[in-house]
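The values are calculated or read from the model by the stated rules, or taken from the named source; none is laboratory data. All values derive from a computational prediction rather than experimental measurement. Glycine gets a Cβ as well: all are built from the backbone with ideal geometry, and neighbour counts include every protein chain shown.
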Amino acid sequence: MSAPTTPPDRPRLPWDPPEHFEKRVPDGDNRERLVCGRCEFIHYQNPKVVAGAVCTWGDKILLAKRAIEPRKGFWTVPAGYMELGETTEQAAAREAQEEACATIEIDRLLAMYSVARIGQVQIMYRARLVSTDVAAGVESEEVALVDWADIPWEQLAFPTVVWALAHFHESRGMTDFATYSNPIGDLARMWPPRKPAGV
């Protein structure tokens with residue numbers, strides 16, 4: 001049993017557990033948790049849910065260049081953490097509005113990716129822009145509507161952006177398909193980012 005400690009090189013942050021929490025395996029559990037030493041309350045730490053969308057206007061795809069870390073200056077599809085009280089569809093629409101001032105209509109679920117190394121589940125939709133009235137939001141340096149041939153593959157921000165774009169391309173013109181998940185083979189190893197073979 002050990003008490004969590006704040007690293008000495010930084011001040012205590014609001015999300016750090018209180019000093020009276022300790023790491024131990026609670027009765028009936030099988031892994032170490034943060035447990036209150038006073039009342040036995042268990043503070044579960046669970047993965048975060050990210051929601052986003054590959055948004056299109058005709059044949060053009062909406063991309064946003066990140067104005068914040070991580071991967072500032074790299075391109076992405078609109079996506080971000082869900083807020084309490086919203087559905088994944090609402091979160092994807094909100095992120096499109098916040099990052100690209102875009103109003104979208106969700107078409108259907110495209111993919112669900114598990115990114116265990118950073119504790120995320122990413123849910124991606126296919127969506128249509130209501131209009132071409134888009135602009136950089138506070139988290140974006142710029143936005144662009146690009147043709148498939150003009151996607152800046154080497155400048156994409158995250159592996160899941162590469163996956164979502166490749167899976168979107170594969171599903172184009174399809175109204176019924178199985179939801180995509182973590183790829184295997186070459187697409188799974190698409191880092192540093194580059195254009196996937198065959199797309």
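Descriptive notes on the structure:
- Here is the figure for region 1-37: residues that are in contact with a strand residue (DSSP E or B) (Cβ under 9 Å, 6 or more places away or on another chain), part of a loop (DSSP other than H, G, I, E, B) and at pLDDT 85 or above total 6.
- In region 77-89, of all residues being more than 22 Å from Thr132 (Cβ to Cβ) and in a loop (DSSP other than H, G, I, E, B), the one that is farthest from the chain's Cα centre (by Cα) corresponds to Gly85.
- Filter result (within 17 Å of Ile61 (Cβ to Cβ) and exposed (fewer than 12 other Cβ atoms within 10 Å of the Cβ)) within region 173-193: Gly173, Met174
- Selection over region 66-76 of residues that are in contact with a Phe, Trp or Tyr (Cβ under 7 Å, 6 or more places away or on another chain) and either small (Gly, Ala, Ser) or part of a loop (DSSP other than H, G, I, E, B) (or both) gives a count of 1.
- Given (1) surrounded by 14 or more Cβ atoms within 10 Å (Cβ to Cβ); (2) within 17 Å of the chain's Cα centre (by Cα); (3) over 22 Å from Trp148 (Cα atoms), number of the condition Phe74 does not satisfy: (3)
- Matching residues in region 136-151 - criterion: being touching a strand residue (DSSP E or B) at 6+ places or on another chain (Cβ under 9 Å) and more than 24 Å from Arg108 (Cα to Cα): Ala136, Gly137, Glu139, Ser140, Glu141, Glu142, Asp150
- Region 90-119, residues that are under 15 Å from Val49 (Cβ atoms) and touching a Phe, Trp or Tyr at 6+ places or on another chain (Cβ under 7 Å): Ala92, Leu109, Ala111, Tyr113
- Here is the figure for region 84-100: residues that are surrounded by fewer than 19 Cβ atoms within 10 Å (Cβ to Cβ) and free of Cβ contacts under 8 Å to residues at least 40 places away in the same chain total 7.
- Verdict on Arg117 being within 24 Å of Met82 (Cα to Cα), modelled with pLDDT under 95 and surrounded by fewer than 19 Cβ atoms within 10 Å (Cβ to Cβ): yes
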